[in-house]
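What follows is a single structure, written as structure tokens, with notes after it.
Just so you know, all these numbers are worked out from the coordinates, no wet-lab data involved. As the structure is a prediction and not an experimental result, all values here were calculated from the model. Cβ: placed from backbone, ideal geometry, glycine included. Neighbour counts: every protein chain shown.
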Amino acid sequence: MILDRDHLPEEIKNIPREEFELADNDWKTDERFTTEAIGFYRDAFRRLRKNTVSMVSLSAILLIVILALIVPNVSGYSYVQQNLDQKNLPPKIPGLERLGIADGTRVLTNRKKSSIEDPNRFPEGSVLRIVREYQAGKQTAVDVLVDYYAYCGVPEGEYHWFGTDYLGRDIMTRLFRGARISLLIALISVGTNLIIGIIYGSVAGYYGGKIDMILTHVAEILDGLPYIVVTILFMLLFGSGMFSIILALTVTGWIGTARLTRAQFYRFKGREYVLSARTLGIPDYRLIFRHILPNTVGPLITRAMIAVPGAIFSESFLAYIGLGIKPPEPSIGILLSTGQGVLLQYPYQTFFPAVLISVLMIAFNMLSNGLRDAMDPNHRGEE
Amino acid sequence: MFKYILGRFGAMLLTLFLVMTLSFWVIRLMPMSIFENPEVSPEVQHKLEERMHLHEPMIVQYYYFLEGIVLRGDFGTSVKMRPGLEVFSIIMERIPPTMVLNFFSLLISIPLGIIAGTVAALKRNRWPDHLISFLIVIFISVPSFVFASLLQYLLTFVFPVFPTLYNAQAPNVWAAFHSMVLPVVALSLNPIATIARYLRGELIETLSSEYMVLARTKGLTQQEATWKHAFRNSLVPIANTIIPMITGIMGGSLVIEKLFSVPGEGGLLIDSILAGDHFLTVALLIFYSLISLITILIVDISYGIIDPRIRIGGGK
Amino acid sequence: MKKALAFVIMLVLAMSVFALASAEKTVHLYMASDTPTLNQHNSVETSLDTPVSYCGATLYRAVADETRLNYEYIGEIASDLPKQIDDLTWEIPLRPEAKWANGDPINADTVMYSFKMLLDPNLANQMADFLSDFSITILNAKEYSKQTSDAPVAWEDVGIKKIDDYTIQIVTTSPVTQKDVCSHFTTRAVAMVYEPLYEQGMNETRTSTTYGSVPEMWMSAGPYKLDSWVHDSVQTYVRNENYWLPEYFHYDSVDVRVIRDMNARVELWEQGALDTLSPDINTIETYIDDPRLVEFSSITVFHIDVNCKNPENPLTASLNYRKALYHAMNREVIAKSIFGYQQPSGVYVNGQAGMFSGQIYRDSDAGKAVVERVESWGPAGYNPELAREYLKKAYEECGVPEDTVITLIMAFDESDLAWKATAEYLMEEFPVIFEGKINLAITTYAGISTTAFKETTDVWDLSPNDWSRSASRTYPYSCFYYYRRAYESHPNNYFDDEFEAQYDVCDSDEVKADYARMLEETAKLENIYLDKVIQIPMVQEISYQMFADRLELPVDTYVPGFGWGVIYGDIVE
């Protein structure tokens, strides 16, 4: 430590400039990044891509969407095409039928034994074997395994992969057509909810005070109305159908989004960066949309992902209580509720829609979990 | 704090009043024909309508309606569902089965949901997590009417372990409980899954937060830190799921009560709307709104205590 | 853990053994929905038949006779069949031993009180007509119950009198038979009400009573007494020790569950926990060959009302348009495949009408001629060729350009599976039959009743209907009752003078006295109905019912007007 600069020896004071030399030449400039800078979303997407479960879910959703778009057009049946001679056919799938599953057979219970010989009721070759024979009253009754396709006179080589319904319509065609409708309902209602909720929540959360008070109370009142009632009222006003269902899902659906947005605003609007932006005279709308709102995008996307299956679920609940979309248009909910009515007789009519709705739900939920983890700022940059 | 609670309570009363007014006007403006039976002659209909003030202008009817509720606690008399019976007593009569079912359902779904959610979070991305997450999604995704129907079919018909229907006149507690198992289970699947999913997410988030690192550095073991900090902190937002859960159970019980023939509140609302029993409908709307408002109030107040930043009416 | 499990299993087993051990004869029945009230005066719900027939007492009761093919009347509160005094006057003697379940006596005062209250103008009971004007018409009874302040009618003028403590006198407006009088006093509406409770439930203005709203507010007097009633769940009845005709009844107790879900009913039936089951359109397929299945043709003919005042349909008032619709219905397919093993019907008078007057109208020459006429058009009236022809005429008649596509609106109740399927079927059929000119759209009542729906809007074209309340087994023409101007809640906005004039002819005393003529006149009426297409008949209902093997019924076959007599059945294990 040199305390007295003025009294240094002359030779040290007068070292010529040329004598000086940089001790460590490399040290002065930062090393250039060899990698590109990665934005938040790209980073999130990168992590999402590494998450196998999420990717499988995403592909499942895409697959279902593709199937929903394609199957109704290529199945060979239309979703309204009826054949009352061939109603309630069990599933029959080429290939699998050899394994004994989905081979178009059914056990008919409580038949009179004498009727089996009647070719008008049991056409040639339709009876495969008698499962059970018992005495009922004075006559002999049998449970008999029949080739139900032969029994109904379906020509050889015709297949209904998922069977047919009460009007002889192909369930596979209707199921994927229904998936299309259900997804559409879900997307529109979730989209609308997001837009309304974000705007409402931002305004309430950003301005606070009286505006917040009024807006929150209005939301509360709407929330206080059970949505079944709201739905029925809309059905009365607009008739039952897709429009009413979407409206019913929207009327109270946006409140959750608004709450979330509002809470996020309260969290971020006091942060220093927002204060400094405001001091710089940045207008309100820019503050809202440019500086605060992006913070809520992560949670909102997660929420929307969960809301999609939620909307499908609500739709099926409405269908069950008789407030679904208008026939003959199918939806997953309509198919499930008609299936539930015949669960004991034709379980497959519940099975396929239930599997599809489950796969959709699982995929959306897993994807939303993955997104949530991927968008978690704490994990940023993690490999 | 007291002022805050008082304010929230006042707001709740205001909301309730608005809900009352709204439901009165909306429901009563629906086409009202109390006796659309071909056998009831028009003269009789006219007489009965006169008795219920139905011939007076709506605004006068509204006055009678408010006066009845505020002064006498009188919500009117049912005309179709239970003719002659006071609407209030119908609702009261039906509360017990619904309450019992919902209570048991909450009783098993909260702990089970918490356990499942915690296990899934702690064993994240290992097989217990995958299994639990899979079950969660199944429970959330398959509508309760399908599940309930399936449970009923499997456990009462194929393997007759439980009775098919709810036993409203069980001779003893055991029989009552026995007949309640299936409805309660069917009712609980969705809430269990909801809680578990929520908690799993919360826990995973808190486990990776800074204060966990701090807790570890100050010498706590991972277990201690998890229990003392992460777990407790994650439980708080669970209150948030309780509002939708309670209303959800109510919606669910609508289906479950129909399938298991439970004489509860569930089916009453839809039935009364379909039957056009408007006095009962309005009262039920108020009842349902009251319940959800009380839940919201409780959650709000607890939030106000826990996290004052979220209080309504903070500054810009 | 294992111990606990074993304990639970043991308990379950113990419970089931317990359940088997009881040797009581209990019959297990079900209702699709519960009775709204037990006050038999003021509810039109037919579900009330069950509690009132088991636990209530009327003057007369129908029981199966020796032949097991028919029924006869016995006095329940009455000690003997009614005695004819003159053309219009009848005397009914009462049993001194009749009493309420709590031991209070039933006498002429009880009967007078019950009847007076049923007709009471202030109470305005919905079932009052069942006493004033049902199978007999009682003098001044309707005038009394429907009186207005400017035309008062005194109770003393009504044709119901107490002669002494055990005799009642009835005065009718026209001559009737003994059987008519008996049948008049067997319906649930005229069962006795218990005065102390009826009065206790009365409001200050005496305009309504809470009698029967809860089990404590109702009194049993019949073969069984109401043991418990949990609304929307279960009703149980046990033997009434005070009942005076126990020999007709064999069960020790009756268990009536309210079961809304069809799957639950089927499961219970298969387990033997229910003694009856009515299969619906989804379940009939399973049981159609079952030896326990019994069937009978009911008095319901499902039909479709056509709105003649839809402002948005240019054809709405056209007769040709209605004819086109009539011929476009493939009733064979709809009845057999959609409604499930039902009978197609191109005519509206049901298969039981006229049965009590000696001959079923449908079996008479006049009735058969109408069916032949319908069959000449095509099977049950179905003829697409004719339908197209009539539609073409309708287009010309209404001046609608030929290439116009019209969309008809079919409005129905979403929960009705058969009609919903029919609507979906017709949606596909109409464009084919009418070569793309007619489409069908669907709208549902969505939460309001049919009548309320029709009061709100005229924008509908077709609406399914199953009203059969006016259909009678005595007068074949009476099913057309709802399609006259005199009936206020109009199903279809269409009235026809010729049709109404012919209805009045059928309804005249002159025709009522001559059954052969009535058959002729009814056929004329039905032909006018077909000419004008007042509405479109579709399906004659076949009712299916299953009875458990352990249930022994008092009759061998369905007896119209009596049914299967389940109440008189016995349990044989």
Subject >> Unit charges at the beta carbon, dipole of chain A: most positive-side option, A:251, A:127, A:374 >> reply: A:127
Original post:
When only DSSP loop residues count, what GluC sites (Glu not before Pro) in the range C:406-478 have their Cβ near at most 14 other Cβ atoms within 10 Å?
Top reply: C:435
Original post:
Could you work out Rg/(2.2 N^0.38 Å) for chain A, with Rg from alpha carbons only?
Top reply: 1.58
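What percent does the relative contact order of the range B:95-264 come to when contacts are Cα pairs within less than 8 Å and at least six residues apart?
On the way: 182 pairs, mean separation 59.2, N = 170.
Relative contact order of the range B:95-264: 35 percent.
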Original post:
Which log10 I(q)/I(0) values, to two decimals, does the range A:283-350 give at q = 0.12, 0.19, 0.26, 0.29 Å⁻¹ under the Debye formula with one point per Cα?
Top reply: -0.51, -0.77, -1.04, -1.13
Original post:
Cα centroid distance between the range C:531-569 and the range A:115-183, in Å?
Top reply: 29 Å
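Return the Rg/Rh ratio of the range A:51-91 with Cα-based radii and a Kirkwood Rh. Spell out each step's value before the answer.
Working: Rg = 15.6 Å, Rh = 12.7 Å.
With Rh from the inverse mean 1/r over Cα pairs, Rg/Rh is 1.22.
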Original post:
Roughly how many nanometres apart are two label points built 7 Å out from the Cα toward the Cβ at residue C:86 and residue B:135?
Top reply: 8.5 nm
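The range C:322-383: D in µm²/s via Stokes-Einstein (Kirkwood Rh, Cα pairs, 25 °C, 0.890 mPa s)?
Values: Rh = 12.4 Å.
Rounded, D is 198 µm²/s.
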**OP:** Quick one: compute the contact order of chain A, relative version, from alpha carbon pairs under 8 angstrom and 6+ residues apart, as a percent.
**Re:** 21 percent
**OP:** Please give the residues of the range C:109-134, grouped as numeric ranges, whose backbone N is less than 14 Å from a label point set 7 Å along the Cα-to-Cβ vector of residue C:155.
**Re:** C:109-124
**OP:** Provide C:420, C:524 in ascending order of the number of other Cβ atoms located within 10 Å of each residue's Cβ, fewest first.
**Re:** C:524, C:420
Original post:
If we sort A:360-371, A:151-162, C:527-538 on the protection proxy, mean other Cβ atoms within 10 Å, highest first, what's the order?
Top reply: A:360-371, C:527-538, A:151-162
Original post:
Quick one: if you stick a label point 7 Å off each Cα along the C-beta vector at residue C:206 and residue C:405, how many nm between them?
Top reply: 6.6 nm
Subject >> Convex hull volume per residue in cubic angstrom - Cα atoms of the protein assembly as shown >> reply: 250 Å³
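So for the range B:66-209, considering every pair of alpha-carbon atoms, how many percent are separated by more than 18 Å? Please list the in-between numbers first.
Values: 7017 of 10296 pairs.
Looking at the range B:66-209, the distances longer than 18 Å represent 68 percent of pairs.
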Original post:
If you add up the charges near residue C:306, with Lys and Arg at +1 and Asp and Glu at -1, over every other residue whose beta carbon is less than 12 angstrom from its beta carbon, what do you get?
Top reply: +2
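Restricting to Cα atoms and excluding each atom paired with itself, what does the Kirkwood estimate give for the range C:419-573 in Å?
Values: mean 1/r = 0.0517 Å⁻¹.
One over the average 1/r among Cα pairs gives 19.3 Å for the range C:419-573.
How high is the FRET efficiency between residue C:199 and residue C:552 when r is their beta carbon distance and R₀ equals 35 Å, given to the nearest 0.05? Kindly include the intermediate steps, with their values, before the conclusion.
Numbers: r = 42 Å, r/R0 = 1.20.
It comes to 0.25.
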Subject >> Label-point separation, residue A:192 to residue C:163 (7 Å along Cα→Cβ), nm >> reply: 7.3 nm
Original post:
With axes computed from alpha carbons, what is the tilt in degrees of helix C:365-377 against the longest principal axis of chain C, rounded to the nearest 10 within 0 to 90?
Top reply: 40 degrees
**OP:** Considering Cα pairs under 8 angstrom that are at least six residues apart, work out the relative contact order of the range C:158-221 and quote it in whole percent.
**Re:** 18 percent
**OP:** Set the Förster radius R0 to 56 Å, insert the Cβ-Cβ distance between residue B:169 and residue B:67 as r into 1/(1 + (r/R0)^6), and round the FRET efficiency to 0.05.
**Re:** 0.90
Original post:
Between residue C:143 and residue C:363, what FRET efficiency comes out of the Förster formula 1/(1 + (r/R0)^6) with R0 = 30 Å and r the beta carbon distance, rounded to 0.05?
Top reply: 0.20
Original post:
Which value in Å is the Kirkwood Rh of the range C:116-259 over different Cα pairs?
Top reply: 17.5 Å
Original post:
Here are some pairs, A:138/C:225; C:146/C:532; C:83/C:512; which of them have Cα atoms lying more than 30 Å apart in this structure?
Top reply: A:138/C:225; C:146/C:532
Original post:
Using only the Cα atoms of the range C:31-185, what do you get for the radius of gyration and for Dmax, in Å?
Top reply: 15.9, 54
Subject >> Descending Cα extents along the principal axes, the range C:297-543, whole Å >> reply: 53, 37, 34
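I need the helices of chain A that pass two filters: whole DSSP H segments spanning 24 Å or more by Cα along the axis, and mean Kyte-Doolittle score no lower than 1.6.
Long hydrophobic helices here: A:52-74.
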**OP:** In a Gaussian network model over chain A where Cα atoms closer than 10 Å are linked, find which of A:180, A:271, A:259 has the largest mean-square fluctuation.
**Re:** A:271
Original post:
Could you give the angle, 0 to 90 degrees to the nearest 10, between helix C:108-119's Cα long axis and the longest principal axis of the Cα atoms of chain C?
Top reply: 30 degrees
Subject >> Segment residue A:282-residue A:145, length gained on full extension (0.36 nm per residue, minus Cα span) >> reply: 41.5 nm
Original post:
Just in the range C:457-520: which GluC sites (Glu not before Pro) are loop by DSSP and have at most 15 other Cβ atoms within 10 Å?
Top reply: C:488
Original post:
Taking Rh as the Kirkwood radius, which is the inverse of the mean 1/r over Cα pairs, what is the Rg/Rh value for chain C?
Top reply: 1.00
